[in-house]
Amino acid sequence: MKFKTFFSIISFALITNCWAKLDPKTLYLHWGKAELVHSPFHSEITTSTEDNYMLIQPIKGMKLNLKRENFYFQFRLGSFQNFVGMEIRFSEKRGDKNYYSYSLPYFSDAEFNPYKENEWLNYGISLANLKLVGKEPDKINNVSFFLFTNKKTLKFGLKKIWKKKKPKEGVVSITFDDGYDSQLVAAKLTNKFRLKATAYIMPRDIGKFNLMDLQQLKQMKGWGWDLQSHHSYPLTIMNESERKIEFNFGLNFLNKHRLASKTQHLAYPLGKHNERLIRQVKKYFKTARIAGGGIETLPPADLYRIRTYNVMANTTLKELKEKILDAKNQGQWLILMFHYMKKDAKKDLEYSPENFRLMAEFLKQKKIKVLTIDEAYREYLK
């Protein structure tokens, strides 16, 4: 992908060793023209139709150590109509060719993205998310936000940045969506290796074609699986009253049949969500999971936009092992999202039982900490 317009913006001054606020006195405009406005609460930049914008500020006083800490920031983007993408760089020196890079995931479906238009969002980045360009920086003194546009105006606002200490060792959660009966194959394998997993099920569809029935769900529960809420179509197309009915039905179903875990969690159908939905979800669930985004920071920046790694038919065992070790070594949370188990996996949402078995074996061999969503919440997030 070619990006014609870019700039980076950083406008932060130290408050404590963990928090920073926007400070217009320390901004550095490297080149180009852009409108920069400060309020008592945040700074916002508006791009023009010209090329090449770059605004930098050091954060040396923050003493950010990505090997021990996660980096978090609060930002807001204007209309996606002129947005192409955003890259974040961590470097020692201004304009250094040696840096860590992270590209914010962006999709054409606005309801699928972890961030929305004109909405403030907390976002976390860890060393497990980053790609090293050149040599490893000795220190992180600069953070740069590169915003790519289609050479039209776009607003980008920042409120604050902060850091949090990460666990010494990461966590893996195995999750399955929808409740297909082929998932019993995976349940038998996790039971064999004494592992647990989470199934986000659709309570109104129990026992329908290709979906598990009540007895099968009880069997999974007996093997230590965590059963949580999902739905057959996006919650964003329902109104608040319809969602209330669905949430209560699902939670009552789990409780009635003694399938509920200690805390309740949700997976957004097709990953679709918006701020209005999230406000309602918070009344019923402790966390909500989207359908992409990669390795999540531990703790996450936003408990209602928890990221996941979507395991597809073409996801190799090597790729899975690399992600697992990245999460383990960097103290992060890898939430694996599966759907169907099929011997000859070809369609996107299918996965080979043999590769799943080898993955489970790898988790045990490497002594990876495997927790259900409920367990991870109660141990790290409650």
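Annotations
- Subset of the range 323-382 (residues that are under 16 Å from Y180 (Cβ atoms), touching a residue at least 60 places away in the same chain (Cβ under 8 Å) and in a loop (DSSP other than H, G, I, E, B)): H339, K342
- Output for the range 187-204, where each listed residue is closer than 13 Å to V370 by Cβ and of a type in the set (V, I, T): T190, T198
- Reported count of residues in the range 304-327, each being farther than 19 Å from H339 by Cβ, surrounded by fewer than 18 Cβ atoms within 10 Å (Cβ to Cβ) and touching a strand residue (DSSP E or B) at 6+ places or on another chain (Cβ under 8 Å), is 0.
- Residue count for the range 281-318 satisfying the condition of being of a type in the set (S, T, N, Q) and touching a Lys or Arg at 6+ places or on another chain (Cβ under 6 Å): 1.
- E319 being more than 20 Å from D374 (Cβ to Cβ) and in contact with a His (Cβ under 7 Å, 6 or more places away or on another chain): no
This table checks each residue for (1) in a loop (DSSP other than H, G, I, E, B); (2) at pLDDT below 65; (3) not polar (S, T, N, Q).
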site: F3; (1), (2), (3): yes, yes, yes
site: F6; (1), (2), (3): no, yes, yes
site: N17; (1), (2), (3): yes, yes, no
site: S48; (1), (2), (3): yes, no, no
site: F71; (1), (2), (3): no, no, yes
site: Q74; (1), (2), (3): no, no, no
site: G85; (1), (2), (3): no, no, yes
site: R89; (1), (2), (3): no, no, yes
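- Each residue in the range 330-361 was checked for being within 18 Å of the chain's Cα centre (by Cα) and among the aromatic types (F, W, Y), and 2 pass.
- Residue list for the range 141-171, restricted to those being in contact with a Phe, Trp or Tyr (Cβ under 9 Å, 6 or more places away or on another chain), surrounded by fewer than 23 Cβ atoms within 10 Å (Cβ to Cβ) and under 30 Å from A187 (Cβ atoms): P167, V171
- Selection of the range 143-170 for residues being out of contact with any helix residue (DSSP H, G or I) (no Cβ under 9 Å at 6 or more places or on another chain) and assigned to a loop (DSSP other than H, G, I, E, B) yields only K168.
- Scanning the range 95-142 for residues that are assigned to a strand (DSSP E or B), small (G, A, S) and touching a residue at least 40 places away in the same chain (Cβ under 8 Å) returns a single hit, G124.
- In the range 276-286 there is no residue matching the filter, namely being in contact with a Pro (Cβ under 7 Å, 6 or more places away or on another chain), of a type outside the set (D, E) and touching a residue at least 24 places away in the same chain (Cβ under 8 Å).
- Looking only at residues in the range 115-149 that are closer than 16 Å to I59 by Cβ and among the charged types (D, E, K, R), the one that is nearest to the chain's Cα centre (by Cα) is K139.
- Any pair with Cβ under 9 angstrom, 6 or more apart, that starts in the range 305-318 at a residue that is outside the structural domain of M359 (by TED's automatic domain parsing) and in a helix (DSSP H, G or I) and ends at one that is surrounded by fewer than 23 Cβ atoms within 10 Å (Cβ to Cβ) and of a type in the set (G, A, S): none
- Pair list, Cβ under 6 Å, 6 or more apart: the range 158-174 residue touching a residue at least 60 places away in the same chain (Cβ under 8 Å), other residue assigned to a strand (DSSP E or B) and of a type in the set (S, T, N, Q): L158/S43; K159/Q74; K160/Q74; K164/N70; K166/N70
- Failed condition for L227, given (1) at pLDDT below 95; (2) of a type outside the set (K, R); (3) within 24 Å of L336 (Cα to Cα): (1)
The values are calculated or read from the model by the stated rules, or taken from the named source; none is laboratory data. Everything numeric here is computed off the predicted structure, so don't read it as measured data. So basically every Cβ, Gly included, is an ideal-geometry build from the backbone, and we count neighbours across all protein chains shown.
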